[in-house]
Amino acid sequence: MCLGVPMQIIAIDGDVARCEVDGVQRDASLMMIEDVAIGDFVLIHAGFAIARLDPVQAEETLAAFRAVLDQGEGPP
């Protein structure tokens, strides 16, 4: 199963964004998306930012992820 995770861009260096969610930071390629800036929320999948997200939508999705994790509903 593949999963895209909403993350917020905290730094950009060329075509690579440093992204963060809940204290976890990852680098993601910006080769598949244009016109992003520090502070934007993006959907990260397989090391690539694949879409810019509305901040409210990103927070709602993260809240749903957190709720599932809090219930211990992780993968088998």
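The values are calculated or read from the model by the stated rules, or taken from the named source; none is laboratory data. Everything numeric in this text was worked out from a predicted model, so none of it was measured. Because the Cβ atoms are built from the backbone with ideal geometry, glycine has one as well, and the counts that use them run over all protein chains shown. Just so you know, the surface numbers come from the protein's heavy atoms only, side chains and all, with ligands and any DNA or RNA stripped out. Shrake-Rupley method; radii C 1.70, N 1.55, O 1.52, S 1.80 Å.
Note the angle between two axes, namely the Cα long axis of helix 55-70 and the longest principal axis of the Cα atoms of the chain, as a number of degrees from 0 to 90, rounded to the nearest 10. It works out to around 40 degrees.
Working note: 222 nm ellipticity from helices only, DSSP H runs with n ≥ 4, each -39,500 (n - 2.57), summed and divided by the residues of the chain, gives -7000 deg cm²/dmol to the nearest 500.
Heavy-atom surface analysis with a 1.4 Å probe gives the chain a carbon and sulfur content of 56 percent of its accessible area. The simple spin-label model puts a point 7 Å past each Cα toward its Cβ; for Glu59 and Val16 those points are separated by 3.1 nm.
Taking the Cα centre of the chain as reference, the dipole from Cβ charges on Lys and Arg (+1) and Asp and Glu (-1) amounts to some 160 debye.
Normalised per residue, the accessible area of the chain is 68 Å², obtained with a 1.4 Å probe and no contribution from ligands, DNA or RNA.
Once the convex hull of all Cα atoms in the chain is built, its volume per residue stands at 89 Å³.
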